[in-house]
Every structure is written in structure tokens, then in C-alpha cells.
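To keep things clear, I will list the structure first and then write my remarks on it.
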Amino acid sequence: MGETNNGSKSSRWSLQGMTALVTGGSKGIGYAIVEELAQLGATVHTCARNEAELSESLNKWTTKGYRVTGSVCDVASRLEREELIARVSSQFNGKLNILVNNVGTNIPKQTLDFTAEDFAFLMNTNLESCFHLSQLAHPLLKASEAASIIFMSSVSGLVATNIVSVIYSATKGAINQVTKNLACEWARDNIRTNCVAPGPIRTPLGEKVFKEEKVRHGLISGIPLGRIGEAEEVSSLVAFLCLPAASYITGQTIYVDGGFTVNGLHVF
């Protein structure tokens with residue numbers, strides 16, 4: 001099952017004619033993903049909570065000649081998620097090739113300091129929103145007859161770190177499992193489901209963590225490639241997984257982390 005590659009070699013490496021929805025595309029990794037997909041020929045709709053940031057990004061993409069539209073949406077709101085998918089359905093005539101569930105956030109607290117409201121907020125924003133948007137988008141993805149869902153996880157969904165909260169890590173571990181199950185369940189609908197799990201990446205959110213020399217040094221010492229990653233190094237993998245060339249890849253969680261998650265103890 002799933003799409004096959006019967007076209008020319010060039011079409012296998014192009015998103016021309018495809019449609020995409022990327023949540024949280026006004027900055028950071030989301031911005032890089034929107035730009036990468038648009039560069040490969042996709043028509044993209046994105047959303048963000050901050051209208052000013054979204055407008056600024058849309059203006060930049062228009063100047064570059066990319067086919068990108070956007071709308072203000074807080075994916076933590078069930079109603080706004082429903083409105084977003086209704087808008088996308090109308091814009092793309094009931095069909096969608098690519099859904100990138102990019103939005104995610106963290107509350108930097110110790111476990112004993114978390115409130116019930118904190119827990120609910122992180123679960124809703126990082127996990128429930130992705131699950132619900134996938135449910136809502138399913139008819140559109142199925143109608144396209146060759147679709148991909150990309151979930152954004154984290155190395156924290158696999159290994160323990162002391163720079164993000166235990167609840168954040170739990171949501172990312174859950175996303176990894178959602179990816180596997182949906183890949184099996186929705187393969188019959190020609191929907192591939194994969195997960196991209198970044199390590200330390202230079203983004204506006206990440207810079208708040210990396211600005212402390214002790215933290216930055218500690219992170220880099222555990223990364224075999226010896227540096228913090230760039231957003232474009234994540235977006236390139238997202239784009240690849242959406243290409244016809246990746247048509248036999250589904251159910252995978254792939255780490256973009258400079259080797260962080262496979263690094264063991266080195267004494268020499």
C-alpha cells in the first residue's frame with residue numbers, strides 16, 4: 001500500500017502540485033519547514049498565534065515568490081483547530097498531501113513545581129492538538145491519495161535530560177508511539193506517518209536555553225558532531241519524508257541530533 005514512484009526521476013524529488021499544512025510556521029523550525037516545502041514546489045498554509053510575526057513571515061515568502069498563505073490560530077484551542085482545518089479544506093478543495101504537526105512548547109519547571117493546569121496545557125498543546133489535527137485532516141489526506149503526516153518529537157522522547165521538563169518529555173515519547181500506530185492504521189488510506197525528533201537546535205526558543213555557557217558546553221560535549229544544529233538541518237529531513245522518493249518509509253522516528261542519542265561514555 002501507499003504511493004509508488006512510477007514518474008520521472010525529477011518528479012520523485014519534487015513537491016510540485018502538492019498542498020501542505022504546517023502548524024507554527026512563523027519562526028524557528030516551523031519557519032524553515034514552510035520555506036523548504038515551498039522551495040520544492042508545494043503550496044503551503046501555515047498558522048501561528050502571533051499575527052504580527054505571521055504577517056512578517058508571509059511578506060518574506062511573498063517576496064521570494066513562494067506560494068504560502070497563513071492564518072492566526074492557537075492549536076491549543078479545539079475550536080480553533082476545527083476552524084483551521086475547515087479553512088484548509090476550503091482553500092485546497094478538500095484535499096491535503098502533507099500535514100506537519102510542528103507546534104510544541106515547554107514549561108521549564110521541576111516536577112514538584114508543576115500544577116494541574118501546567119500538565120493539562122502541555123498535554124493539550126504538544127499531544128492532543130497533534131492527535132486532533134490528524135483526526136480532522138484525515139479525510140483531506142485520504143482524498144489526496146498520496147499523503148504524509150510528519151510529527152515533530154524530540155530527543156527528550158527517547159533519553160532523559162535535565163534541560164526540559166518530565167511532562168514535555170512524556171508528550172514527545174507519546175508522539176513517537178502515535179506515529180507508529182497511525183502508520184499501521186492509516187496505511188490502507190495511502191497516508192504515511194513519520195516522526196522527526198530534533199536534538200539541540202538553534203531557534204528562538206532554544207537560544208533561551210543555550211545562552212548559559214555551562215548548559216551550552218554540557219550539551220555540545222555530548223554531541224559527537226560537536227555543535228548545536230540549525231533549523232534547516234531539520235527541515236531538510238521533513239521535506240525528504242514528504243517526497244515521492246520516500247514513498248516506502250512510514251512509522252519511523254528519525255533523530256536529527258548530531259549523534260546525541262547514540263553517544264555513550266567515552267573515557268579516552
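The values are calculated or read from the model by the stated rules, or taken from the named source; none is laboratory data. Every value quoted in this text rests on a predicted model; they were computed, and no experiment measured them. Every residue, glycine among them, receives a Cβ derived from its backbone with ideal geometry; neighbour counts consider all protein chains shown. Heavy atoms of the whole protein, side chains included, go into the accessibility calculation; ligands, DNA and RNA do not. Shrake-Rupley method; radii C 1.70, N 1.55, O 1.52, S 1.80 Å.
Out of F119, F131, F151, I need the residue that is aromatic (F, W, Y) and buried (at least 21 other Cβ atoms within 10 Å of the Cβ). Which one?
Working: F119 fails: buried (at least 21 other Cβ atoms within 10 Å of the Cβ); F131 fails: buried (at least 21 other Cβ atoms within 10 Å of the Cβ).
Exactly one residue qualifies, and that residue is F151.
Of all residues in region 127-180, those satisfying the criterion of being under 13 Å from the mean Cα position of the chain (by Cα) and among the small types (G, A, S) are S129, S134, S148, S153, S154. Here R81 clears all of (1) open to solvent by less than 10 Å² (accessible area, probe 1.4 Å); (2) touching a strand residue (DSSP E or B) at 6+ places or on another chain (Cβ under 7 Å); (3) over 25 Å from K208 (Cα atoms); (4) not hydrophobic (A, V, I, L, M, F, W, C) except the condition numbered (2).
Of all the numbered requirements in (1) open to solvent by less than 40 Å² (accessible area, probe 1.4 Å); (2) modelled with pLDDT of 95 or more; (3) touching a Leu at 6+ places or on another chain (Cβ under 9 Å); (4) on the phi < 0 side of the Ramachandran plot, Q252 misses one, and that requirement is (1). Only one of these conditions is not met by W61: (1) open to solvent by less than 20 Å² (accessible area, probe 1.4 Å); (2) among the hydrophobic types (A, V, I, L, M, F, W, C); (3) within 25 Å of N190 (Cα to Cα). Which number is it? Unmet for W61, out of (1) open to solvent by less than 20 Å² (accessible area, probe 1.4 Å); (2) among the hydrophobic types (A, V, I, L, M, F, W, C); (3) within 25 Å of N190 (Cα to Cα): (3). Of the residues making up region 190-207, one or more are at pLDDT 95 or above and open to solvent by 20 Å² or more (accessible area, probe 1.4 Å).
Within region 220-245, if we keep just the residues that are in contact (Cβ under 8 Å) with a residue 60 or more places away in the chain and farther than 22 Å from G28 by Cβ, the residue that is surrounded by the fewest Cβ atoms within 10 Å (Cβ to Cβ) turns out to be A245.
Can we say K109 is at pLDDT below 95, of a type in the set (K, R) and open to solvent by 70 Å² or more (accessible area, probe 1.4 Å)? Taking the combined requirement at face value, the residue satisfies it.
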